[in-house]
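The values are calculated or read from the model by the stated rules, or taken from the named source; none is laboratory data. No experiment lies behind these values; they were computed from the predicted model shown. Here the Cβ positions follow ideal geometry from the backbone for every residue, glycine too, while neighbour counts run over all protein chains shown.
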Amino acid sequence: MGRPRRDHALGVACVLGAAVLWGTTGTASALAPAVTPLAIGAASMGFGGILLAAASSRQISRQRRELAGAKGLIVLGGAAVLVYALAFYTSMRLAGVAVGTAVSIGGAPVAAALLERIVDGRRLSARWILGAALGTAGATVLCIARGGTVDGSSSGSAAQTAAGVALGAVAAASYALYSFTSHRLIHRGIASRAAVGATFGVAAIGLLSVLAVTGGAFLDSWRHLAVGAYLAVVPMFAGYLLFGWGLARVAASTATTVSLAEPMIAAALAVLVVGERLPLLGWAGMALIVACLAVLTVPLPAGARPRRRALPEPTEARG
């Protein structure tokens, strides 16, 4: 029983590390205000996808037959990554940072759990429901506390805001779908690095096509190029490697819920680095997210663990 506990704790730690890296994207993007959010999303996840595929080339080559047999999942996951990158940043532009982030990040655990429930018949434990409720509430409160405007301007008309909310829901579903497909690939015996590298390699093809149309502002200054390079290498490349390792050890619904730490990290960096002021409501949101992580990560006593149908343990947990 000790090894599953350690594997679960390590998986949660990997996902939490990924969320920390992802939480730096807002602060980094603020250093290149002339670059559109669409271009930032395409550049960071497009070039990040190329790096992930290149770094995983040995694993991809070693398991090319297994990957070929799961090409449907890989293409589906790549499409999910592409849609997420574009929908998330566009949602924030249309509806404002608070609403777009709350819907995109806060809705992902619910979408992931519903996917697992519908496709795999996985039961939703009371512990997960409590953790998801705390984390979603915390993310929503934190994003609202940070304000609902972009670059200090109003979030626009009601129709524009509604479109942003709709795209946020699309981003949440896409993120959950990527987590789900990657988890299924890993549980087929495919190494996490091979699964993540192949999925992001597919996504990079479409994202770099979008960047070719929208990314002209990156060439305006070295600072813009540096921001793009940082976003591709650190949050996307390193972050999704960690996330892939985490998915080898925890369920997709747990991973997406733990990643709710991302807005908490983003808010903390905004206060410490950018100099933003976080109101009391924002600190309350952080407390709710910390409570969520405690509920999901503190091991239950052996006699207190509920019985539920679970997916089989992965045959290859190493990246």
Being more than 29 Å from LEU124 (Cα to Cα), buried (at least 20 other Cβ atoms within 10 Å of the Cβ) and not charged (D, E, K, R): is that true of GLY201 here?
yes
Do the conditions hold for ALA255, that is, is it of a type in the set (Gly, Ala, Ser), under 15 Å from the mean Cα position of the chain (by Cα) and modelled with pLDDT under 85?
yes
Scanning for something polar (S, T, N, Q) and surrounded by 18 or more Cβ atoms within 10 Å (Cβ to Cβ), does the stretch 217-236 turn up at least one residue?
no
Helices (runs of 4 or more DSSP H) fully within the stretch 122-230 counting 2 or more residues that are more than 16 Å from the chain's Cα centre (by Cα) and modelled with pLDDT of 90 or more
192-214
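Go through the stretch 1-58 residue by residue and tally those that are touching a Lys or Arg at 6+ places or on another chain (Cβ under 7 Å) and closer than 25 Å to VAL83 by Cβ.
Residues that pass the stated criteria total 3.
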Checking ALA39, ALA13 in turn, the sole residue that is over 17 Å from the mean Cα position of the chain (by Cα) and at pLDDT 85 or above turns out to be ALA39
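Would you point out which residue out of PHE180, PHE243 is touching an Asp or Glu at 6+ places or on another chain (Cβ under 8 Å) and either within 18 Å of ALA112 (Cβ to Cβ) or basic (Lys, Arg) (or both)?
Sole residue among the options that is touching an Asp or Glu at 6+ places or on another chain (Cβ under 8 Å) and either within 18 Å of ALA112 (Cβ to Cβ) or basic (Lys, Arg) (or both): PHE180.
Filter the stretch 157-191 for residues that are polar (S, T, N, Q) and in contact with a Ser or Thr (Cβ under 8 Å, 6 or more places away or on another chain); which is farthest from LEU241 (Cα to Cα)?
Selected residue: THR161.
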